[in-house]
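Data block below; observations after.
The values are calculated or read from the model by the stated rules, or taken from the named source; none is laboratory data. Note that the structure is predicted; figures quoted are calculated from it, not measured. Every residue, glycine among them, receives a Cβ derived from its backbone with ideal geometry; neighbour counts consider all protein chains shown. For accessibility, only protein heavy atoms count, side chains too; no ligands or nucleic acids. Shrake-Rupley method; radii C 1.70, N 1.55, O 1.52, S 1.80 Å.
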Amino acid sequence: MSSRPELKAPPEIFYDDVEARKYTSSSRIIEIQAKLSERALELLALPDDGVPRLLLDIGCGSGLSGETLSENGHQWIGLDISPSMLDIALEREAEGDLLLKDMGQGLGLRSGMIDGAISISAVQWLCNADKSSHEPRLRLKAFFGSLYRCLARGARAVFQVYPESLAQRELILSSAMRAGFAGGVVVDYPHSSKSRKEYLVLTCGPPSINTELPKAKLEDEESCSDDESSGDEENQTVCISDRHRPRKKQKTTKKGKVRDWVLKKKEQMRRKGNAVPLDTKYTARKRKARF
Amino acid sequence: MRLLTHNMLSSNIKGVTNGFPLLIEVEKVIEKPVDFNPDFLKNMFVKVDWKALVDASRSLGYAELPEETPESSVIDSDDFLRKFHHALLELHLEEGALVCPETERKFPVSKGIPNMLLHEDEV
């Protein structure tokens, strides 16, 4: 599909003065962006105590999503790679601070400072290699790693993404998991090709709360089912696929399991392409005592 | 750019071990009034790196903040909160530059937006 802006040019070039103006003068886009950021803020599940939080808007563009954050009384810092978009944000008098920054180069923020992060339709840009020095895997790693560091414990990050393919979603998700995040994908309107929206909901926290994660998922489901009952649009359903970081593999030391373990390890080595002896009846068999 | 953001930004050039705090070169400072919210300030007070904030506010020409880290009890004083609020949220660096403390690489600030883009050899 050639209508994807990601396929046309790198973000800092695609969103030039003309495109940035177009983007922000379309009332339709403004409305969609407002809705998306509203939903993202809801998924952030900030404590409802009226205290303004310090949020990060990654790929803030012309500050459309930031407006929603300001309306909800939060302080925010926005970063974007397109100077033209940031100029428009200045024109629109965005209340947050703006930074010209490439998220693939790492965020460079002090640890534990940010109470939450949202990003609307931006993270999929990281999957492009627009310059010879770009390696999507490394850029995703730098991005998620630095994001994990700057978020406070227990803080959430919600990214609305338009992954191009399954492989791309897989790439984004696995990078996030590798950086230490727990979380999953929330899909709004999964059966509609137009209004289908994917949100990546990530939680930053110590491993000890991993045990509580299923509960977090329940909460999500609750809030989503609330949506379902309150929303009157047709075919509105929300499903959740939750992902946990795999548990540390336990060593199988029980009797009789040794052979299985050895076979598994050999299989792993084979998959890596190492030269591994064949499996025979002698594999992992104990030597006789008189040996 | 507000000092709140300055207090969070560090230089992430490859090889730099301590890129915080960024030094400030001032050309133009402006002030924009912001709603006063004591709850937010109390939240931020524990997070802010005090020395960086004081140094930054002095370089922007605002010398009302005390030099050493104040006791946490001071947070209840309205007078202190007003000063803290002013320094953190109302002072804007409009034109100037941020300078990496280790490499002295300059990040220009224009129209209040710091350009933090790194060159390819700095990533």
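The table for this structure:
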| quantity | calculated |
| --- | --- |
| Computed FRET value (nearest 0.05) for A:Ala34 with B:Lys28, which takes r as the C-beta separation and R₀ as 35 Å | 0.60 |
| Dipole of the protein assembly as shown [Lys/Arg +1, Asp/Glu -1 at C-beta], most positive-end residue of B:Thr5, A:Leu43, A:Ala284 | A:Ala284 |
| Helix axis angle, B:38-47 relative to chain B longest principal axis, alpha carbon, degrees | 50 |
| Subset of A:Lys101/A:Lys197; A:Lys264/A:Lys288; A:Lys8/A:Lys35; A:Lys8/B:Lys28; A:Lys266/B:Lys14 violating a 30 Å alpha-carbon distance limit | A:Lys8/B:Lys28; A:Lys266/B:Lys14 |
| Where B:His6, B:His119 fall by accessible area, highest first, once all protein chains stay in place (1.4 Å) | B:His119, B:His6 |
| Accessible area of B:Thr17 in the full protein assembly, 1.4 Å probe (Å², nearest 10) | 130 |
| Estimated 222 nm signal from helices in chain B, with DSSP H stretches of n ≥ 4 weighted -39500 (n - 2.57), rounded to 500 | -7000 deg cm²/dmol |
| Extension reserve of the A:Glu135-A:Ser25 stretch, reckoned as 0.36 nm per residue once the Cα distance is removed | 36.2 nm |
